[in-house]
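See structure below.
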């Protein structure tokens, strides 16, 4: 039982960052209809930015974290502006190829700049874990969960309380009508990609210190983000939040009780299972035919 | 006319309803089409005409009721299975394969008529060749029927709109239907093209084909139909010969005196 | 000219080992040929049915592993109950089994994912590839995991009673790859030039319209997936018996990306596209490796991919074809080709 609870606590910490990744991607996928392969690289970028500012340049860890998130937003906006804006209206496959190209470039840039060896990031948090009964959790992980929850809440508020959020929701419903109604679709797309990228960078900046910053960390992050999006439903933020925690729980329990080697396979098995059992039911919106 | 000569029931809808997210697009609709008959399905925009088409051809599922074609239940069948029963439709907007030539469009339409198997194709057995030649011959026949043989090698998407509608009809005819469902076939055609198209419909029906037609052009519908069914808000409000329907006050009311009065 | 082009190219390809004495180039050509087969198989799905398989390397890897295991043998206990021992078989049996197993996996993936298409198909195939990679990595008893399967035997050619020759020689292996590549090309050309290919293209262009005239979507998409996966599996088998060692890295996503780049650069939906793209990207690493590290090489790939999408979205082959046709059709008027094809077709009547 204690072991089970410990797994759940670990899953909760992981789930918060997964939710951030998933929300970011589901916004981009749902609103812009782009299968975005740079998402995982933004995740890796977040971790490396914290490493750069906190470890190499000696900034305060929290400031480094903030810089990483803002940097992720800016990088996302740049990618959208340079690569995706000119391709608006192109089919899903075309934009996807471009994001794959960008992903390859970004990942290999990271390899060139940082080398293949993973980087450890130290934080101002004490190493001694907090112990509650049979469960122990490090203060850093508590921080990770709290910040993730704050960012999830912030995204909710942004989507439901602001004018930009209203525009994003309208664009998700029907981009043509939204444009006819005078909404600045181009601006909304850039903002969406920027916010989604910022959330991915935040997830990376949070998990980087927990694990390590490695150049290939983005690959699995992208794939897991897709799993979360499918699990939660296209463009569905609540779905992505639940999906993020769900994936983390399944991974933790799968690794703990079945085989740790197959930890990362869980997400993909979920995708296959979901599509097998209920191909369209879990999505917010089925793909249109014709 | 057609209905007098043969009196066998082709298509019948029995108390059919369709829901879209709580919205009732079609409510308890029943009507029949006899073999060899030309029936016009009319009604104002949003009356449920295209939904009825999607329903009959398997693109939309019925919430309640039965749809039968020559006694076979269509509910739950997939579109290609319904086409295999001889019930073939055209589309209002995307009616052709634009990047293929007109001839290739006809060939694609002939899909079900090919006799070669996968192994014939892979191993280039003689049957592949004879089958392909038969298909090509038939494609030319169909293009001549609809008057597009001179356009055969042009990409379908490059044709003027009216001719694209004809390619759509050629595609459907190629599938050798026993019943043809035409979704607004003359929209986008000019007056002379419409007249030609009405002649084409007469020629098609002369081959014994049953036709169900959705159309906004009242002159055209009233001109070619044996019988007209009027839908409004997903329900049938009138049914009968063109002359009877045109005088029906509810129909006139539904159209607010526009189409019906003019026709 | 166009009638003699295939013969011309066939002669070129057939005589390569006679005039190309550089073993390294021959090696690159063999690897390139194997990837061209894989790219052709991907093109059948992507270019003709319109479905992008982002996990195509899974079929390649399954072919490679199945073929290696068939010819090396294995001894595993399934679920701690059944012990399965397999004695080594000849490499050709591996090729057949690898091809068949990959085709079967294509069938399963097709069955599963053609319920959903577009973006979801992409993600399902990607997930499938990751699962196969993790299985190859973790099922150590069968696959040796990261230790790799070593000493994969070469193909042998011969007749019973007359003796066998092992294809260690690069020139022989080149002819084997060329032979399989030509078979694959003919198979794909037959399929796409037939009623089946028309049905696939129709589904890609407008699914609703295609089903309305009686084309069974599932049937043709699954057929495409099976053939495509089987050919990728055959390529994987050729690869395994050539490099003689196979490890889970064979499932790396970058190989799928390489195939995709080959197809879209050459021109998806054209028969020659994967060959042209394959030759370019097969030899690009050779051209840049003297001055570029592997990272820079990959970055060049990435840049190339983006440039192609922006500049030549249709790919090289369609662009060149259009360019040639624009030269040819300049003097005659519009109706020329239409009448010409009408006339030739009528003649056949």
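Laboratory data are not the source of any read-out in this text; all were calculated from the coordinates shown. What you are looking at is a predicted structure, and each value in this text was computed from that prediction instead of being measured. Neighbour counts are summed over all protein chains in view; Cβ atoms, including those assigned to glycine, are modelled from backbone coordinates with ideal geometry.
Measuring from centroid to centroid over Cα atoms, what is the spacing of the range A:11-62 and the range A:199-265 in Å? Computed from Cα coordinates, the inter-centre distance equals 11 Å.
Relative contact order for the range A:1-118: what percent, with Cα pairs under 8 Å and sequence separation of 6 or more?
For the range A:1-118, the relative contact order is 28 percent.
Name the shape class, rounded, prolate or oblate, that the alpha-carbon gyration tensor gives for the range C:44-147, where a ≥ b ≥ c are the square roots of its eigenvalues, rounded holds for a/c under 1.5, and otherwise prolate holds if a/b is larger than b/c and oblate otherwise. Prolate is the answer for the range C:44-147, as a/c is 1.5 or above and a/b outweighs b/c.
Applying Stokes-Einstein at 37 °C and 0.692 mPa s to the Kirkwood radius of chain A, computed over alpha-carbon pairs, gives a translational diffusion coefficient of 170 µm² s⁻¹.
In degrees from 0 to 90, rounded to the nearest 10, what is the angle of the helix B:161-174 Cα long axis to the longest principal axis of chain B? That helix lies at roughly 70 degrees to the long axis. To the nearest 10 degrees, how steeply does helix A:185-210 sit against the main Cα axis of chain A, on a 0 to 90 scale? Once rounded, one gets 10 degrees. Highest mobility in the GNM of chain A, judged by mean-square fluctuation with C-alpha springs under 10 Å and restricted to A:164, A:12, A:130, is found for A:130.
Using a/c under 1.5 as the rounded threshold, could you call chain C rounded, prolate or oblate? The axes a ≥ b ≥ c are square roots of the C-alpha gyration tensor eigenvalues, and prolate needs a/b larger than b/c, oblate otherwise. Mind showing how you got there, number by number?
Details: a/c = 1.68, a/b = 1.40, b/c = 1.20.
It comes out prolate by the Cα gyration axes.
Once you average over the residues of C:285-296, how many Cβ atoms of partner chains fall within 10 Å of each Cβ? Let's see the in-between values first.
Details: counts 0, 0, 0, 0, 0, 0, 0, 0, 3, 2, 11, 4.
The shielding value for this peptide is 2.
Our Cα-only numbers for the range B:101-175 put the radius of gyration and Dmax at 13.1, 41 Å.
Packing around the peptides A:49-61, A:28-40, C:312-324, taken as the average count of other Cβ atoms within 10 Å per residue, puts them in this order, highest first: A:28-40, A:49-61, C:312-324. In the protein assembly as shown, the DSSP beta bridges split such that about 70 percent are antiparallel, to the nearest 5.
Partner chain Cβ atoms within 10 Å, averaged over the residues of B:79-87 - can you pull that number for me?
Values: counts 12, 10, 3, 3, 7, 3, 1, 1, 2.
Per-residue shielding by partner chains comes out at 5.
Taking the number of other C-beta atoms within 10 Å as the exposure measure, put B:163, B:14 in order starting with the fewest. Can you show the working numbers first?
Working: B:163 20, B:14 15.
The fewest-first ordering by Cβ neighbours comes to B:14, B:163.
Run through the DSSP bridge list for chain B and note the antiparallel percent, rounded to the nearest 5.
Details: 21 of 37 bridges.
Within chain B, antiparallel bridges account for around 55 percent of the total.
Descending by average beta-carbon neighbour count within 10 Å, the peptides C:122-134, C:197-209 line up as C:122-134, C:197-209, the highest first. Relative to the longest principal axis of chain A, what angle (0 to 90°, nearest 10) does the C-alpha long axis of helix A:237-253 take? Rounded to the nearest ten degrees, it is 30. A Gaussian network model of chain B, with springs between Cα atoms under 10 Å, assigns the largest mean-square fluctuation among B:107, B:200, B:118 to B:118.
For a protection proxy built on the mean count of beta-carbon atoms within 10 angstrom, sort B:46-52, B:74-80 highest first, please. Please list the in-between numbers first.
Working: B:46-52: 21.4, B:74-80: 17.7.
Result, highest mean Cβ count within 10 Å first: B:46-52, B:74-80.
Take each residue of peptide C:251-262, count the partner chain Cβ atoms within 10 Å of its Cβ, and average: the result is 2.
State the percent of C-alpha pairs, over all pairs in the range C:219-301, separated by a distance greater than 16 angstrom.
Numbers: 2218 of 3403 pairs.
It works out to 65 percent of all Cα pairs.
Separation of the range B:138-212 from the range C:186-250 is 33 Å, based on Cα centroids. Taking a ≥ b ≥ c as the square roots of the Cα gyration tensor eigenvalues, with a/c under 1.5 meaning rounded and otherwise prolate when a/b beats b/c, else oblate, which class fits the protein assembly as shown? The shape class here is oblate.
Note down the relative contact order for chain C as a percent, whole number, built from C-alpha pairs under 8 angstrom at least six residues apart. Kindly include the intermediate steps, with their values, before the conclusion.
Details: 525 pairs, mean separation 98.0, N = 349.
Taking the mean separation of contacting Cα pairs over the length of chain C, I get 28 percent.
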